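Accompanying notes for the structure given below.
Rule-based calculations on the coordinates, nothing more; no lab input. Keep in mind that this is a model prediction, so the values were computed, not measured. Glycine gets a Cβ as well: all are built from the backbone with ideal geometry, and neighbour counts include every protein chain shown.
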Amino acid sequence: MNHPLISVIVPVFKVERYLVECIASLQNQKYDNLEILLVDDGSPDNCPSICDQFALLDSRIKVLHKQNGGLADARNVGLDYATGDYIAFVDGDDWVASETYSEMMAMLQANPDLDIVCCAASRMRQGEEVETLFSYYDTSVIKPSEEITRRILLDEIGSHVVKGLYKRKCWEKVRFPLGMLYEDIPTTYRAFMKAEKIGFIDEPFYKYRMNDEGISNTPKAIKPYYIYLGFKSHYECAAEHFPEIADRCCANTAQYAISTYFHYCSEGSKELEPAVPDVLQFMNEHKNAILRDTHMPRSRLLALRLYYSSETMFKLLCRTFHALGLQKRLGFGMK
């Protein structure tokens with residue numbers, strides 16, 4: 001049977017507590033024709049030496065040491081060096097079940113017109129499964145790329161890049177934007193657009209660790225703005241290729257535009273100041289489409305209506321809600 005090479009890209013930064021488990025889960029795959037690319041993103045702990053030690057013992061492991069540039073940069077370096085016929089991504093504090101690539105590759109080889117296979121994931125805390133993620137379709141379901149891309153743009157299917165095993169062609173001229181958080185959002189749909197058909201396996205092969213020190217759980221006022229930028233790229237793609245969903249994508253973007261402005265008005269964050277002209281321009285230019293949407297969370301819709309009726313009153317209420325600690329109750333606590 002054809003036994004193509006899979007390049008698994010693992011960004012490594014400040015994960016020395018978890019890295020051994022991550023690497024071991026790749027070494028122990030039932031599908032063994034792997035190129036394991038450990039991209040040391042200038043990690044200041046023992047991660048670089050751990051990577052080097054594993055590479056000495058396993059010829060499938062290649063270590064790429066680089067200056068710190070962030071998760072997007074590390075993934076891009078991995079993509080530049082990858083030689084496999086297929087591409088996969090695993091974050092350095094997560095791990096995968098031993099049958100992950102054997103099962104995903106089996107589906108790919110049984111269906112030659114597939115370009116991507118997606119699996120589900122488990123959110124893990126202290127070794128226990130908390131919930132199942134990425135469970136979108138039953139096992140063996142195959143969908144056209146256009147349908148799945150549309151659902152990603154609508155945020156009905158998440159943009160998490162780690163759920164997929166991709167033919168190499170999907171990543172030709174597709175790279176993650178540097179310096180962004182949530183860099184999957186403006187990137188993953190572009191890889192899916194290059195595919196023809198997508199297959200699904202409803203098994204939680206990917207193990208996502210709930211890491212209190214990870215990006216998702218680290219407070220940053222700038223986070224809503226990066227998500228806004230990601231969904232803005234979804235809107236721009238929809239406007240060009242899927243105009244029938246452009247208004248929905250516009251409204252999704254507006255949710256994070258108003259959230260960004262809420263945090264700026266309530267906390268006066270200097271970090272957010274450069275973002276304000278962009279989000280205000282977007283909300284003002286697309287007012288009619290935004291207010292027509294019927295799927296928006298009530299808190300975001302009320303905030304947008306208040307902003308459109310009186311920006312001065314909006315700013316006053318933002319500061320008041322923040323002072324009283326009410327913003328989380330209103331759904332604006334995500335930072």
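Computed from label points 7 Å out along Cα-Cβ, the spacing between H295 and Q53 is 4.9 nm. Within the same chain, aspartates and glutamates fewer than 8 places from K315 are excluded, and of the rest, those with a Cα less than 12 Å from its Cα are E267.
With a ≥ b ≥ c taken as the square roots of the eigenvalues of the C-alpha gyration tensor of the range 1-42, please select rounded if a/c is under 1.5 and otherwise prolate if a/b is larger than b/c or oblate if it is not? Here the range 1-42 falls in the oblate category. Label zone (Q109, point 7 Å along Cα-to-C-beta; backbone nitrogen cut-off 19 Å) within the range 118-143: 118-119, 140. Spin-label model, S309 to E21: label points 7 Å out along the Cα-to-beta-carbon direction sit 5.0 nm apart.
The local environment of R150, defined by Cβ-Cβ distances under 9 Å, has a net charge of -3 under the rule Lys, Arg +1 and Asp, Glu -1. Each DSSP beta bridge with both residues in the chain is either parallel or antiparallel, and the antiparallel ones are about 40%. Going down the table (K14/K173; K173/K270; K169/K207), which pairs top 32 Å between alpha carbons? In this structure, K173/K270 lie more than 32 Å apart at Cα. Enumerate the lysines that K167 could reach by cross-link, defined here as Cα to Cα under 19 Å, with residues fewer than 8 away along the same chain left out. Answer for K167, where 19 Å is the Cα cut-off: K143, K194, K197, listed by chain and number.
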